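Engineer: Take this structure, written in C-alpha cells, and hold onto it; I'll ask about it next.
Since every read-out is calculated from the coordinates, none of them should be taken as a lab result. Bear in mind that the values here come from a model prediction, so they are computed numbers and not experimental data. Ideal geometry is used to build each Cβ from the backbone, glycine not excepted, and the neighbour counts take in all protein chains shown.
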Amino acid sequence: MSTFEPPAETLADVVLVDYGLGNLRSATRGLERAGASVEITDDPEAFAAADGVVLPGVGAFREGMENAGPLREALTDHADAGRPLFGICLGMQMLLTSSEEADHEGEGEVTGLDLVPGTNVRFDVDRKVPHMGWNELSVERDHPLVEGVEGEYAYFVHSYYAEPDDPDAVVATADYGVDFPAVVANEAGNVFGTQFHPEKSGETGLRILRNFVEYCADR
C-alpha cells in the first residue's frame, strides 16, 4: 500500500510538452498525484502561463530534437527567464548540447537545447546495454528536486548517459559499471532532469515529482 499522501489541493499548474515522444499518460498521473494541474500541449504560448514545464521523452536523440524543433525557442526562453524546466529520460538528454547517439546511428551531429552544456555518451561497460531496471540514487549535492531521496531506488531504461561539461551540474549519480549522472541541473538550478523515469519509480518517483511541483509553487 502506498504511503504517499497527495496534497488536498492543486499546488502548481504544469505543462507537459507533447512533441510525439513522451510517456504522457503515466507522467500526467504522477504529476497529478504530486499536486499539479497538468496541461498536455505543444503550444508554446502555454509555457508562459505555467508554473513549470516538463519535457518527457522516450526514443532517439535526433528524433527528439527534430520533433521538438519548433519548440526550441520557447523552451530556451522559458529556461532563460529562470522558470522551472524538468527533462525526463530523453528529455533530460535533450537539455544537453549533443549526443554520441546520432553519430553512432550514422546520422551526423545533432544539436540539443544546450541548457546544460555537455554531451551524452554510450555506455562502454561489461554489462548489458541498455541499462534497464532499478538502481540506487546517490545524491552528490543539494537541489530541491532530490530532497529526501538519498539511497532510494529509481527505474532506468537507457543506453546513453549525460556527461556535463561542468562537474557541478551533476546532482545525483547511479552506478552501472561507471558512476553516471542520474540527475543534472544548470548553474541557476531552474533547469534540471532525471535520467530515470520518476513516473515509473514508485514512492521515490512520487517524491521527486512532489519536489518538482513544490519547487514550481515556490517560484
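Engineer: Evaluate the following for Thr97: is it within 21 Å of Val184 (Cβ to Cβ) and polar (S, T, N, Q)?
Structural biologist: For Thr97, the condition - within 21 Å of Val184 (Cβ to Cβ) and polar (S, T, N, Q) - is met.
Engineer: Identify all residues within region 140-178 that are in contact (Cβ under 8 Å) with a residue 24 or more places away in the chain, more than 19 Å from Glu199 (Cβ to Cβ) and more than 16 Å from the chain's Cα centre (by Cα); write none if there are none.
Structural biologist: Across region 140-178, the qualifying residues are Glu140, Arg141, Asp165, Asp166, Asp168, Asp175, Tyr176, Gly177, Val178.
Engineer: Within region 40-55, identify whether any single residue is closer than 20 Å to Ala185 by Cα and surrounded by fewer than 15 Cβ atoms within 10 Å (Cβ to Cβ), and answer yes or no.
Structural biologist: No.
Engineer: Another question, then. Please find, among Gly112, Gly193, Gly118, the residue that is crowded, with 21+ Cβ neighbours inside 10 Å, more than 30 Å from Glu32 (Cβ to Cβ) and out of contact with any Lys or Arg (no Cβ under 7 Å at 6 or more places or on another chain). So that I can check it myself, show each step before the final result.
Structural biologist: On the way: Gly112 fails: more than 30 Å from Glu32 (Cβ to Cβ); Gly193 fails: more than 30 Å from Glu32 (Cβ to Cβ).
From the options Gly112, Gly193, Gly118, the qualifying one is Gly118.
Engineer: Filter region 24-43 down to the residues that are in a loop (DSSP other than H, G, I, E, B) and closer than 16 Å to Cys216 by Cα and list them by number.
Structural biologist: Ala34, Gly35
Engineer: Identify, by number, the condition in (1) among the aromatic types (Phe, Trp, Tyr); (2) in contact with a His (Cβ under 6 Å, 6 or more places away or on another chain); (3) closer than 16 Å to Pro198 by Cβ that Phe86 doesn't meet.
Structural biologist: So Phe86 meets the others, but not (2).
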